[in-house]
Every structure is written in C-alpha cells, then in structure tokens.
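The values are calculated or read from the model by the stated rules, or taken from the named source; none is laboratory data. The structure presented is a predicted model; accordingly, all values stated were derived computationally and were not measured. Using ideal geometry, Cβ is built from the backbone for each residue, glycine included, and neighbour counts are taken over all protein chains shown. In case anyone asks, the SASA skips ligands and DNA or RNA and just uses the protein heavy atoms, side chains included. Shrake-Rupley method; radii C 1.70, N 1.55, O 1.52, S 1.80 Å.
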Amino acid sequence: MTDLNAIHQPVLLDECVGLVAPALAHGDAIVVDCTLGLAGHAIAFLKSSPGAHLIGIDRDEEALELATERMDQEGLSSRFIPVHAAFDDFDEVLESQGIEHVDAAFMDLGLSSLQIDETSRGFSYAHDAPLDMRMDTTQTLTAAEVLASYSLQRLTSIFREYGEERFSRPIARAIVESRESHPLQTSKDLNELVDATVPKSHRPAGNPAKRVFQALRIEVNGELEKLSQTLPQIATHLNMHGRIVVESYHSLEDRTVKRFMTAGTRVNVPRGLPIIPEEAQPYFKDLTHGAIKADDMQIEENPRSASVRLRAVELIRHIPENALKEYEEHGKERG
C-alpha cells in the first residue's frame, strides 16, 4: 500500500478544524465524521480537542480499516469509534452506540484520496479498470450494470442531471447501441465511446468523459439522495450550539447543502409581520457567510481543492419539526 500520508492531503484542513473545534471545547464532546476516508480531518479534530470523542462512519471497508490503523498509530484509538455504514444511516449509527446527541458533524463529500488513487474500482477515467465505482463493495449495483441495463431515457437523465453533460442523449444512445456488440466493461471502453461521440469542436477542457464518470458514480452510490436524507438526521441530533460542517466538490452537492443550511438561517414568516413568533425564528447561524473556497496557494499544493466549497452552520434554536420534514420530503423527491 502506498504511504497514506503521501496520497492523503485533507482539503482546507485548518479551516475545518477552526469550524469544528469550538463545538468540542467542553468535556466528553462528541463529533461524527460522516465520511471518514483515511481520517486526515478526523485525526486533526481529535488532536485539537483532547477531551473529544469521534465516531467515524465510512461505507468503504478498506478505508475504514486503514483509518483505524492510522488512529492507533497516532495514539487516538481510545477516543475513536469506527462504524461501517453509509452516512444516511446516521440515526441508526448513533442508536447503536447509545448516543442521542452530538456536538458536531463533518462531511467531506465526493471521492476519498484512496478511491481516487487506487485504480481497481474504476472511479477514475485516467486509469483502465473494471467499471465498478462502488464506495461500498458489499452493494450489488455497479457502473457496468447501470450501463448494461438502464434505458436510453434513464441514462440520458442521469448524465444530464448528475453530470450536467451537454451531450447526454447522444452518449446514452451510443451506449445502448453498443450493448449487443460491445458491452462496456472497463473505464477504457467508456472513455473511447465518449471520445467517439462528443464532437471535438464542442468539448470542454480536460477529458470529455469526466462528467459521465461523475454522473455514474453519483448514481451507483446514491450520493445526492443520501445527502438530502442525512442532513436533517444530523440536525435532529445536534446539541444546542452544535455545528454542521460540510465540504462539497461539485455544484449539485453544494446546492443541496446550501439549500438546507439557508432554510435554517432565514426568518420563516411573511414580510412585514410586526412580531416574529419564536417558532419562525432562524435556528441556524451561518458560520461561513456563504462558501469558503481554497486560495491559489492551497490549490497549488493540493489541486483537488480547486472545486471545494466549505459551508458551516451552528444550531442556535430548537428546530421546528415541520421544517425538517418538509426538507426531507423535498430531498427524497430531488434524489
């Protein structure tokens, strides 16, 4: 295995620690890292808050095992609980640990460094590998199965919605037409099909298959649906003045996070109402005033930070029950 410190550079690490640490200042504080990965952020959270405990959730068993080893090497294992689960199992994870409320929750969305740099699962269009793309290898749906079984209309919709791909329909049509003679099994197969389909005069910078790979990964792992259903769960379990800190890497993720956080920072009454009832007051405080982005120096040191959007809120008031129900239903429809 490659040196983990060499391949894993946590994005906006200092900024994330600065946002999470104030919620962990008291004794026996609990933070949940919903996307543990190789534990770069998690280790920093525990080192900055010596009294805190961390629950690390990851659906990738290999990442979970490596993160646990790193925690042990850092002498932090006594304050660390690893859990193999998807982050939309947030309620069940806390219940299994006998925990009702937490002080902070962190999400670093998208692919982990391990998934990007390990080529065997076909996440990257830069390496030839089977079209797997499962973050959790115990699930059955793979990218190859999506390409082999989804209808023309469904493939078109996925590429358009999740990849924001201009040539969604021609690409989907080419995939469907190729099934009998040449089923797509590897990332090279898909790269070559997209390369032959997208007009060279209308290509964005970089690999023309980039958006298709992104869309397939989101579909295989149900990423946006899981995100929409997880954020309300986290909010329900926050202690007062607890914090939600999220790093997103593409517009669909960031839009979902922004919509959720913004809903809690606004007064929910008609304009001009002379008295604002308590239940209509904002329940979140915006800690980042929009999204924090990586600066030029950070991008030069870690190119993967170029697209990051970091948002955070603090719970300042009880959340009206209907606010989360309405959002969760909207999230299910969107997903």
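Expressed as an acute angle from 0 to 90° and rounded to the nearest 10, what is the orientation of the C-alpha long axis of helix 210-221 relative to the principal long axis of the chain?
60 degrees
Just how large is the dipole of the chain about the Cα centre, in debye to the nearest 20, putting +1 at every Lys and Arg Cβ and -1 at every Asp and Glu Cβ?
Roughly 1420 debye, rounded to the nearest 20.
Of the accessible area of the stretch 1-109, with the probe set at 1.4 angstrom, what percent is carbon plus sulfur?
Heavy-atom surface of the stretch 1-109 belonging to carbon and sulfur, 1.4 Å probe: 46 percent.
Which one, Thr230, Val194, Gly264, projects farthest toward the positive side of the charge dipole computed for the stretch 148-299 from Cβ point charges (K/R +1, D/E -1)?
Val194
Could you tell me the distance between the Cα centroids of the stretch 133-188 and the stretch 48-115, to the nearest Å?
The stretch 133-188 and the stretch 48-115 have Cα centres separated by 32 Å.
Per the Kirkwood formula on distinct C-alpha pairs, the Rh of the stretch 212-325 is how many angstrom?
Computed over Cα pairs of the stretch 212-325, the Kirkwood hydrodynamic radius comes out at 15.7 Å.
Of the peptides 53-60, 226-233, how do they stack up when ordered by the mean number of other Cβ atoms within 10 Å, highest first?
53-60, 226-233
What aspartates and glutamates sit close enough to Lys200 to cross-link, taking a C-alpha to C-alpha distance under 17 Å and skipping anything fewer than 8 places away on the same chain?
Straight-distance partners of Lys200: Glu165, Glu192.
Report, to the nearest whole %, how much of the accessible area of the stretch 142-227 belongs to carbon and sulfur atoms, 1.4 Å probe, protein only.
47 percent
Explain nothing, just the number: relative contact order of the chain, from Cα pairs under 8 Å at least 6 residues apart, as a whole percent.
17 percent
Out of [x] -0.31, -0.51, -0.62; [y] -0.23, -0.39, -0.49; [z] -0.45, -0.71, -0.84, which label holds the value of log10 I(q)/I(0) by the Debye sum over Cα atoms at q = 0.07, 0.09, 0.10 Å⁻¹ that was computed here?
[x]
For the chain, find the longest principal axis of its Cα atoms and tell me its angle to the long axis of helix 152-163, 0 to 90°, nearest 10.
The angle comes out near 50 degrees.
With point charges of +1 on the Cβ of Lys and Arg and -1 on the Cβ of Asp and Glu, referenced to the Cα centre of the chain, which listed residue (Ala52, Phe90, Ser305) lies farthest in the positive direction of the dipole?
In the chain, that residue is Ser305.
Which of the listed residues, Tyr249, Ala105, Val11, is farthest toward the dipole's positive end in the chain, when Lys, Arg count +1 and Asp, Glu count -1 at the beta-carbon?
Tyr249
Extending each Cα 7 Å along its Cβ direction at Glu69 and Ile99, get the distance between those two points in nm, one decimal.
2.5 nm
What number results when the radius of gyration of the stretch 142-207, computed over Cα atoms, is divided by 2.2 N^0.38 Å?
1.05
Going down the table (Lys47/Lys226; Lys226/Lys258; Lys258/Lys285; Lys188/Lys210), which pairs top 20 Å between alpha carbons?
Lys47/Lys226
Given the chain, what percent of its DSSP beta bridges are antiparallel, to the nearest 5?
Here the antiparallel bridges make up roughly 40 percent for the chain.
For the stretch 30-94, list log₁₀ I(q)/I(0) at each q in 0.18, 0.28 Å⁻¹, using the Debye formula over Cα point scatterers of equal strength and ignoring solvent, two decimals each.
These q points yield log10 I(q)/I(0) values of -0.54, -1.25.
Considering only protein heavy atoms, what per residue accessible area in square angstrom results for the chain with a 1.4 angstrom probe?
Per-residue accessible area for the chain comes out at 47 Å².
Show me the ranking of peptides 76-83, 195-202 by mean Cβ neighbours inside 10 Å, starting with the highest.
Those peptides, ordered most packed to least, come out 76-83, 195-202.
Using only the alpha-carbon atoms, how far is helix 187-197 inclined from the longest principal axis of the chain? Give it as 0 to 90 degrees, nearest 10.
So the helix axis and the longest Cα principal axis differ by about 70 degrees.
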